[in-house]
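Here's the structure, in structure tokens; my notes come after.
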Amino acid sequence: MMSLLGTHLAPLTTPIQAAWLHTLDPFVVEFPEAFPIPGLRWYGTAYLLGFVAGYFLIRRVVTAGKSPLTSDRVIDFVIACIFGVLVGGRLGYVMFYDPSLWERIDEPPYWGVLAINRGGMASHGGMIGGLLGCAWFAYRQKLPRLHLLDLLAFACPAGLFFGRIANFINGELWGRTVDASFALAVRFPQETLTGPELSRLRAGDSEMIALAEQLTPARHPSQLYAAALEGLAVFAALLWFYRKPVKPGVLAAWFALSYAPMRIVNEFFREPDTRIGFDALGLTRGQWLSVVLFVAGLILLRFATTRPVEPLGGWWRAE
């Protein structure tokens, strides 16, 4: 650390162009080391908020719209989807972004898949897992699968919104570099500083702040772009489409058709995964997965709209 400081001590007096320095703490509550319990992180809180918001959105459709799912079974349905999202999100990350995690490791938990400190979750994998959890619940309860998939799609943007906010607070999945004079430019010191140095930075250490501003490039806050595009914009579209009952599967199709282009656009501002870089045609892995999702949405929309079935769902209750 001293060599790092020594190397950059002289230039620290050079004026730095304006770009907000990320100093947010990833913990909502952090306990002293003497306590045997871990602190509460914003990332876990975001998942909780997303699941709670999803529960109330689904319950709104069940109580105000037209659904064979009863209000007393909403929580069971949400739990099935939660399990699918968590398992699918983790396995999706391993399969799509870091297959090396399939291997055994020499420290607890001894399997890379379970080592959540080594990479996190993949949203496309979470969608696949949620779909499987939805299908399992529909089979067990003898309910229409595509209608339950619509309910899951209606709730999904809330989880995406809170998850991307948590990504920003954690200082992960940052954007591509941008001129520091850009109004929304952010410097993520997690890119250049270690844990103890970050603690000093968040505590207001002026030397660490100056060092971070000197070493860390300015970047797009792509996590916030994603929260707005993949979360709020997609939810606004679904809110309009689902104001009245639709044929089962139609809303899920519109989720895919609205989420995919939002994700593709946002990926142009997001730094590609360092282990993968760019795929074919200069697109990222997330963009190609979104292309597949978009095509799947087109197929589902064609299938759902041509079926001779009764419309279900809808959240708007006419007074």
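Ignoring everything except DSSP H segments at least 4 long, calculate the 222 nm mean residue ellipticity for the chain; use -39,500 (n - 2.57) per segment, divide by total residues, nearest 500. Could you put the intermediate results ahead of the total?
On the way: 11 runs with 169 residues, N = 319.
Value at 222 nm, helices only, nearest 500: -17500 deg cm²/dmol.
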Inset, instruction - Tell me which residues come under 5 Å, amide H to amide H, from V28 once H is placed; ignore anything under 5 positions away on its chain. - result: L40, R41, W42
Legend entry - Positive-pole candidate from C156, A233, S71, dipole of the chain, charges at beta carbon: S71
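Considering only protein heavy atoms, with the full assembly of protein chains and a 1.4 angstrom probe, order E230, E213 by accessible area, largest first.
Details: E230 0, E213 60 Å².
Per-residue accessible area, sorted high to low, gives E213, E230.
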Legend entry - Counting DSSP beta bridges with both ends in the chain, the antiparallel % (nearest 5): 80 percent
Inset, instruction - Classify the range 159-231 as rounded, prolate or oblate from the Cα gyration tensor: take a ≥ b ≥ c as the square roots of its eigenvalues, call it rounded if a/c is under 1.5, otherwise prolate when a/b beats b/c and oblate if not. - result: oblate
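Quick check for me: using +1 on Lys/Arg Cβ and -1 on Asp/Glu Cβ, what's the dipole size of the range 33-111 about its Cα centre, in debye to the nearest 20?
Details: 7 positive and 7 negative charges, 123 e Å.
In total the dipole reaches around 580 debye.
When the chain is fully extended, how far beyond the present Cα-Cα distance does W136 get from T274, taking 0.36 nm per residue of separation? Spell out each step's value before the answer.
Working: separation 138, 0.36 × 138 = 49.68 nm, distance 3.54 nm.
Gain in length upon complete extension: 46.1 nm.
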Inset, instruction - Could you list which residues have their amide H under 5 Å from that of A218, counting only those 5 or more apart in sequence or on another chain, with H placed in the peptide plane? - result: V178
Inset, instruction - Would you pull out the residues with amide H under 5 Å of K247's amide H, same chain only if 5 or more places away, H placed 1.01 Å from N? - result: L312
Legend entry - Relative packing of 266-279, 238-251, which averages over residues the other C-beta atoms within 10 Å, highest first: 238-251, 266-279
Legend entry - Neighbour cut-off at most 11 other Cβ (10 Å), DSSP loop, chymotrypsin sites (Phe, Trp or Tyr not before Pro), the range 85-173: Y110
Legend entry - Separation of the A64 and A296 label points, Cα + 7 Å toward Cβ, nm: 2.9 nm
Legend entry - Furthest towards positive pole of dipole, P311, A203, Y259, structure part the chain, Cβ charges: P311
Inset, instruction - In whole angstrom, note down how far apart the Cα centers of the range 209-279 and the range 56-76 are. - result: 27 Å
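Using a simple charge model, +1 on the beta-carbon of Lys and Arg, -1 on the beta-carbon of Asp and Glu, nothing else, what dipole does the chain show about its Cα centre, in debye to the nearest 20?
Details: 27 positive and 24 negative charges, 338 e Å.
The dipole of the chain has a size of about 1620 debye.
Protein chains only, probe 1.4 Å: how do S290, S199, S71 rank by accessible area, largest first? Kindly include the intermediate steps, with their values, before the conclusion.
Numbers: S290 0, S199 70, S71 50 Å².
I get S199, S71, S290, largest accessible area first.
Averaged per residue, what accessible surface does the range 175-274 expose to a 1.4 Å probe, in Å²? Before the final figure, lay out each step's value.
Working: 4010 Å² over 100 residues.
Per-residue accessible area for the range 175-274 comes out at 40 Å².
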Inset, instruction - For V234, V85, give the ranking by accessible area with the largest first, probe 1.4 Å. - result: V85, V234
Inset, instruction - Work out from phi, with θ = phi - 60° and the Karplus expression 6.51 cos²θ - 1.76 cosθ + 1.60, the ³J(HN,Hα) of each residue of the range 123-137, listed in order in whole Hz, and give x for Gly and Pro. - result: 5, 5, x, x, 5, 5, x, x, 4, 5, x, 5, 5, 5, 5
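Counting only protein heavy atoms and a 1.4 Å probe, tell me what percentage of the chain's accessible area is made up of carbon and sulfur. Working shown, then result.
Values: 11080 of 16520 Å².
Carbon and sulfur: 67 percent of the exposed surface of the chain.
Quick one: length gained pulling W240 to E207 fully straight, 0.36 nm per residue minus the C-alpha distance? Display every interim value, and only then the final one.
Values: separation 33, 0.36 × 33 = 11.88 nm, distance 5.07 nm.
Using 0.36 nm per residue and subtracting the Cα-Cα distance, I get 6.8 nm.
The values are calculated or read from the model by the stated rules, or taken from the named source; none is laboratory data. Only a predicted model underlies this, so the values are computations on that prediction, with no experimental measurement involved. Cβ coordinates were reconstructed from backbone atoms using ideal geometry, including for glycine residues, and neighbour counts include every protein chain displayed. Heavy atoms of the whole protein, side chains included, go into the accessibility calculation; ligands, DNA and RNA do not. Shrake-Rupley method; radii C 1.70, N 1.55, O 1.52, S 1.80 Å.
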